[in-house]
1. Restricted to segment 393-422, and to residues that are in contact with an Asp or Glu (Cβ under 7 Å, 6 or more places away or on another chain) and within 16 Å of F352 (Cβ to Cβ), which residue is surrounded by the fewest Cβ atoms within 10 Å (Cβ to Cβ)?
2. When residues of segment 245-284 are filtered for being farther than 20 Å from H361 by Cβ and surrounded by fewer than 17 Cβ atoms within 10 Å (Cβ to Cβ), how many remain?
3. Quick one: G124 ticks every box in (1) surrounded by 20 or more Cβ atoms within 10 Å (Cβ to Cβ); (2) within 22 Å of D296 (Cβ to Cβ); (3) within 24 Å of the chain's Cα centre (by Cα) bar one, so which box is it?
4. Which condition breaks for C291 when tested against (1) farther than 19 Å from C358 by Cα; (2) in a loop (DSSP other than H, G, I, E, B); (3) touching a residue at least 60 places away in the same chain (Cβ under 8 Å)?
5. Can you confirm whether segment 382-399 contains a residue that is more than 19 Å from E157 (Cβ to Cβ) and among the hydroxyl-bearing types (S, T, Y)?
6. Report yes if A109 is assigned to a helix (DSSP H, G or I) and under 29 Å from Y313 (Cβ atoms), otherwise no.
7. Which count do you get for residues in segment 297-326 that are under 17 Å from N395 (Cβ atoms) and either crowded, with 22+ Cβ neighbours inside 10 Å or free of Cβ contacts under 8 Å to residues at least 40 places away in the same chain (or both)?
8. Out of curiosity, is Q379 polar (S, T, N, Q) and in contact with a strand residue (DSSP E or B) (Cβ under 9 Å, 6 or more places away or on another chain)?
Amino acid sequence: MEHIRTTKVEQVKLLDRFSTSNKSLTGTLYLTATHLLFIDSHQKETWILHHHIALVEKLALTTSGCPLVIQCKNFRIVHFIVPRERDCHDIYNSLLQLSKQAKYEDLYAFSYNPKQNDSERLQGWQLIDLAEEYKRMGVPNSNWQLSDANREYKICETYPRELYVPRIASKPIIVGSSKFRSKGRFPVLSYYHQNKELNAMANRAAGKGYENEDNYSNIRFQFVGIENIHVMRSSLQKLLEVNGTKGLSVSDFYSGLESSGWLRHIKAVMDAAIFLAKAIMVENASVLVHCSDGWDRTSQVCSLGSLLLDSYYRTIKGFMVLIEKDWISFGHKFSERCGHLDGDPKEVSPVFTQFLECVWHLTEQFPQDFEFNEAFLLQIHEHIHSCQFGNFLGNCQKEREELKLKEKTYSLWPFLLDDQKKYLNPLYSSKSPKFAVLEPNTVSFSFKKLSNVKISKQMKFSPRNCYIQFILNHLPSKLPCVLRSKLCCL
């Protein structure tokens, strides 16, 4: 509260960004410890969580007041006109402080109270059991065992305590292997695939550099063209710059979209996952996946590959398990990549956002194979940035244990399951076989048919296609209200 310079400003205008006539609503702006709240004259409320704010801009004073533009991490953009420059300045400075916390204990999750007792909170955290998930896969078995080598995080601080490794890998072998890997991230099992003709596994590892084929027999080495976090961050920034350009024609928008490289990156991630799935299903091969450190591109490829191979991960509960297994458990640096704290901006990157967008493309190509709808993906994306729940705080399991998140915060998963009716896909067919492998087409991506701008402006835009929002923002008024387009990822 010490950062709040003013708690209430009246006669504030909220501009309609989809109107060419600068249509606005007048109301009162409130500043609380956790949210910015705007209530218009019709008593409609607009809430903006401080942790969602990516950028705040105070523009030059105009005859109608002082503009304040807020860009959010979930791609939402809100444009206020504050009557007095002094009030705008106070709100601006307050939001700069409130949107960038210096320590975890100041994040929303540690004060959020849904009025559950300690027992209910603990049950929420116990909803996802990864030991049960590996049993579902069929491990431990004659080839794979549970290792306690990392029980105290002595070998790899960014890996979980419990890891599945080949039975022939003794503890000395594991320790020795870890010394040749960046951050000690030695090869461990991510997903074990089984059916009646086939007994194959996809395992994961992480280390800098790449493997030398001379060190292995009967191996095929494959580079995939997924860029690093800095390129992905730059790509998203270019996309946002296209969005911020007023009066952009459709052709100029397409040119800006192409030059951003965003769709090419989405295609690269999808292609890598498809390569993994085909190697397992068609070639009966084991697959070793790794990138520079093993917590970004590795998580993308392993999780998407598993999603293609196993229909369980296409259910609401299974998708939660997949995120816990390949992202949270294996050390994707959520806090650094999402900028939860006021840290190094070069560590921020939309890696998990790209994963969710890839999943959305799969739901579009295979509408009967996913139990959940896009609202489910949207809600997850909201909460990787909201810091309302503890699931995505911290950068690894060891850090989450040190923060005592299970004692001090709540898990997102039971809250999503309580509202799962909102996230059900009516086209879903649960009769598909357990190992009904998806074979997506990545030659081109299709946008949905957009009805008309007036209706579409009520949409909540997702990570799955932030560029749809950009198209809506820049539709010239002379064009028909229905837009069909297909973009090729070159």
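1. Filtering segment 393-422 for residues that are in contact with an Asp or Glu (Cβ under 7 Å, 6 or more places away or on another chain) and within 16 Å of F352 (Cβ to Cβ), the one surrounded by the fewest Cβ atoms within 10 Å (Cβ to Cβ) comes out as N395.
2. Qualifying residue count, segment 245-284: 12.
3. Evaluating G124 over (1) surrounded by 20 or more Cβ atoms within 10 Å (Cβ to Cβ); (2) within 22 Å of D296 (Cβ to Cβ); (3) within 24 Å of the chain's Cα centre (by Cα) leaves (2) as the failure.
4. C291 satisfies every listed condition except (1).
5. Yes, the conditions are met somewhere in segment 382-399.
6. Yes.
7. 7
8. So Q379 fails the test.
The values are calculated or read from the model by the stated rules, or taken from the named source; none is laboratory data. In this text the structure is predicted, and so the values were computed from the model without any measurement. Cβ: placed from backbone, ideal geometry, glycine included. Neighbour counts: every protein chain shown.
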